[in-house]
Amino acid sequence: MSKNLQTQKRARQSIVRNRKNSSMRSMLRTAVKHVHAAVNTGEIKKANELFQKATSIIDRVADKNVIHKNKAARQKRRLSHLIKSAVLV
């Protein structure tokens, strides 16, 4: 560990931010997996509800700059397309 106070503080901050960002990323991945699971089992109504929740989580994570805004838009587009294609089948 450095003796410089500024580098010590930065190290502490990075640990806290890493924990928070990891938690948010995990929450995001779980929400997306739930939507995929609902579509695969054929529960379209449940998938739509989970999609609404996942969209909210994706937007929240993107607003906090954990993921890029374009990645958030791409994930929402892919989930939407997945649900729409499941309805047509």
Long-range lysine pairs (8 or more apart or interchain), the chain, Cα under 15 Å:
9
Against the 2.2 N^0.38 Å scaling, with N counting residues, where does region 1-53 land? I'd like the Cα-based Rg ratio to two decimal places.
1.91
Add +1 for every Lys or Arg and -1 for every Asp or Glu among the other residues with Cβ under 14 Å from the Cβ of residue 2, and state the total.
+4
Note: the chain at 4 °C, 1.567 mPa s; Kirkwood Rh on alpha carbon pairs; Stokes-Einstein D in µm²/s works out to 89
Could you run the Karplus curve 6.51 cos²θ - 1.76 cosθ + 1.60 with θ = phi - 60° over region 62-73 and give me ³J(HN,Hα) per residue in whole Hz, x for Gly and Pro?
5, 5, 8, 6, 7, 10, 6, 4, 5, 5, 4, 5
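Read-outs: derived from the displayed coordinates by stated rules, not from any lab. Being a predicted model, the structure only gives us computed values, none of them experimental. Please note: Cβ atoms are built from the backbone with ideal geometry, for glycine as well, and neighbour counts cover all protein chains shown.
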